[in-house]
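For reference, the structure is listed below as structure tokens.
The values are calculated or read from the model by the stated rules, or taken from the named source; none is laboratory data. This one's a predicted model, so the numbers in the text were calculated from it and none came from an experiment. Cβ coordinates were reconstructed from backbone atoms using ideal geometry, including for glycine residues, and neighbour counts include every protein chain displayed.
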Amino acid sequence: METCKTCKRFHQHYVRRRRGDYIAMGSGHCVKPRLKSRRCETPACANWEAKNIPKGERER
């Protein structure tokens, strides 16, 4: 099932930890048709387009 997380228009939000590294949050925002907050697991809308994910980073 397509979700916001797998859409090229979804921008993941991150938090910087004290030691300087970043971790992904469970949310982000969509840039089409306008800026909207979304959770990663939100079902994809009609504007969904596949994100090009490098083979080594794909979830199993």
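Listing for the model above:
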item: Every residue from segment 20-44 that is surrounded by fewer than 12 Cβ atoms within 10 Å (Cβ to Cβ), in a strand (DSSP E or B) and charged (D, E, K, R); result: none
item: Failed item, numbered, when residue 24 is tested on (1) in contact with a His (Cβ under 9 Å, 6 or more places away or on another chain); (2) at pLDDT below 90; result: (2)
